[in-house]
1. Would you be able to tell me the number of residues in segment 142-173 that are small (Gly, Ala, Ser) and either within 12 Å of the ligand (Cβ to nearest atom) or surrounded by 22 or more Cβ atoms within 10 Å (Cβ to Cβ) (or both)?
2. Quick one: which of ALA242, ALA271 is more than 13 Å from the ligand (Cβ to nearest atom), of a type in the set (A, V, I, L, M, F, W, C) and on the phi < 0 side of the Ramachandran plot?
3. Cβ-Cβ below 8 Å, separation at least six or inter-chain, first residue in segment 54-71 and within 16 Å of SER4 (Cβ to Cβ), second of a type in the set (S, T, N, Q) and not in a helix (DSSP H, G or I): which pairs?
4. Taking the residues in segment 317-370 that are at positive phi and within 12 Å of the ligand (Cβ to nearest atom) as candidates, determine which candidate is surrounded by the most Cβ atoms within 10 Å (Cβ to Cβ).
5. Within the group ILE249, ILE190, which residue is touching a residue at least 12 places away in the same chain (Cβ under 8 Å) and of a type in the set (A, V, I, L, M)?
6. Taking segment 190-226 as the region of interest, how many residues are more than 16 Å from the ligand (Cβ to nearest atom) and assigned to a helix (DSSP H, G or I)?
7. For PHE214, which of the numbered conditions (1) of a type in the set (Phe, Trp, Tyr); (2) open to solvent by 40 Å² or more (accessible area, probe 1.4 Å); (3) in contact (Cβ under 8 Å) with a residue 60 or more places away in the chain fails to hold?
8. Can you confirm whether ASP114 is more than 16 Å from the ligand (Cβ to nearest atom) and surrounded by fewer than 15 Cβ atoms within 10 Å (Cβ to Cβ)?
Amino acid sequence: MHISVIGCGYLGAVHAACMAAIGHDVVGVDVDVAKVEALSQGKAPFFEPGLPELLQEQVASGRLSFTNDMAAIKGATVHFVGVGTPQKRGEYAADLTYVDAAVASLIHHLAPGDVVVGKSTVPVGTASRLAALVTEAQPEATLVWNPEFLREGHAVQDTLHPDRLVYGLPSGPAGQAAGAVLDEVYAPLIAEGIPKVVADYATAELVKVAANSFLATKISFINAMAELCEATGADVTLLADAIGHDERIGRKFLNAGVGFGGGCLPKDIRAFMARAGELGVDQALSFLREVDSINMRRRVRMVDLAREVCGGSISGRRVAVLGAAFKPESDDIRDSPALNVATQMHLQGATVVVTDPEAISNARRAWPDLRFADTPEAAAKDADVVVLLTEWRQYRDLDPNAFGEIVAHKRMVDGRNVLDPEAWRAAGWTYRALGRH
Ligand code: UGA
């Protein structure tokens, strides 16, 4: 099939490459000239495991191309919209500027029978508003809403083998026909037995924000338990293991620590609250305000802990920060808890040296006042305290004995609960973590 993908960021670039990988002819469109240039050469403009190989293969095959010219979508019959919906400045609501601009521009090129597929995370009600614009421009084109659930760091795998496909379709024959077109697009996934949920627009839009809200709630739940553990001398990691054995609860997404960040969970729960307010059901989501504040409190607590192990002040101390990305296997620093903690400590007078395997250049651009080092060893040289904030494999595997030779004081604050306290203490370190003694 001939497919276009509008927006070539973390979502769109991966989606375009994966659609080519399952046999479609794909053109990716983005307004960013540098991004299109890189992608056209088969280079990923951001770090995502497996993506560079896939891009190279698919661009070389001739099935995948990229352009800045929206007119290139002519000839494609399915048009995915995967542009960003960031938080508005100074407000909780989502900024729909990019979605609106993409749709306003693409509708001029639609032909009868075309299907526009919304993938961006949007406030409920957006799809029906956009559907009216699509059919006004081309009465025989149909909009469907098909939310995306990929995780950064696992994006290729999640796109090719998602947990489920969700179709938000308009009622009637046009909706059915558009659903059949999506079945054809995703034929290899459907053949694999991936469950498909067919719904109306509003349900499909809500599935996405409900899923992210649930995940955020799960993380904040365990982080609230961490606060209880800190007050009682209990251990949140053992607590999570024990409750996680109950299949109804499950152990996944119960890792206590410095909390969630990134371009999705924080802004999605806020946009969801804002939308609920507009719909007059803000009480239904007032718990998300608490989820958000538990999450933000962990960042402050992390700084307190670093201060505590340094004897009450970090002013003038040398702090090594392991991790800048919002999670491992990503170079994304949007709303990164690691950088939030690092900058707080910098503002409190510490000399903060940050390292990360992939995110240093993004971090340096956003926070030029921080210092950066290429390796954990370089960051930790003469450090008074080491703070682990993103659980990259190479930090989890650090040898406490060898690492202890580099620092000025053996003080480790584990913001992700991933190190073995006994091993670090046995090597002479003062080990502290959130929710653990
Ligand atoms: C999230 C969802 O997991 C995806 O399903 C969704 O498609 C995506 O948002 C999106 O809306 O596009 P992502 O932001 O890539 O994916 O990352 P997650 O793996 O969900 O992690 C989010 C944050 O939670 C990270 O900062 C991570 O460190 C933190 N986290 C995760 C915890 O603090 N504890 C955990 O147990 C798990």
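1. Residues of segment 142-173 that are small (Gly, Ala, Ser), as a first pass: 153, 155, 168, 171-172.
Checking the rest, the ones that are also either within 12 Å of the ligand (Cβ to nearest atom) or surrounded by 22 or more Cβ atoms within 10 Å (Cβ to Cβ) (or both) come to 153, 155, 168.
Residues in segment 142-173 being small (Gly, Ala, Ser) and either within 12 Å of the ligand (Cβ to nearest atom) or surrounded by 22 or more Cβ atoms within 10 Å (Cβ to Cβ) (or both): 3 in total.
2. ALA242
3. VAL59/GLN41; VAL59/SER65
4. If we filter segment 317-370 for residues that are at positive phi, which is where we start, we get 323, 329, 335, 349.
Within this subset, residues satisfying the condition of being within 12 Å of the ligand (Cβ to nearest atom) are 323, 329, 335.
Working: GLY323: 30, GLU329: 19, ASP335: 18.
Per the stated criteria, the residue is GLY323.
5. On the way: ILE249 fails: touching a residue at least 12 places away in the same chain (Cβ under 8 Å).
Just one listed residue meets the conditions, ILE190.
6. Quick first cut of segment 190-226, residues more than 16 Å from the ligand (Cβ to nearest atom) only: 190-193, 196, 198-203.
Subsequent filtering for residues that are assigned to a helix (DSSP H, G or I) retains 190-191, 201-203.
Number of matching residues: 5.
7. So PHE214 meets the others, but not (3).
8. Values: more than 16 Å from the ligand (Cβ to nearest atom): yes; surrounded by fewer than 15 Cβ atoms within 10 Å (Cβ to Cβ): no.
When the stated conditions are applied, ASP114 does not pass them.
The values are calculated or read from the model by the stated rules, or taken from the named source; none is laboratory data. For clarity, every value in this text was computed on a predicted model and none was experimentally measured. A quick note on method: Cβ atoms are made from the backbone with ideal geometry, for glycine too, and the neighbour counts reach across all protein chains shown. Protein only, heavy atoms only, side chains kept; ligands, DNA and RNA dropped before computing areas. Shrake-Rupley method; radii C 1.70, N 1.55, O 1.52, S 1.80 Å.
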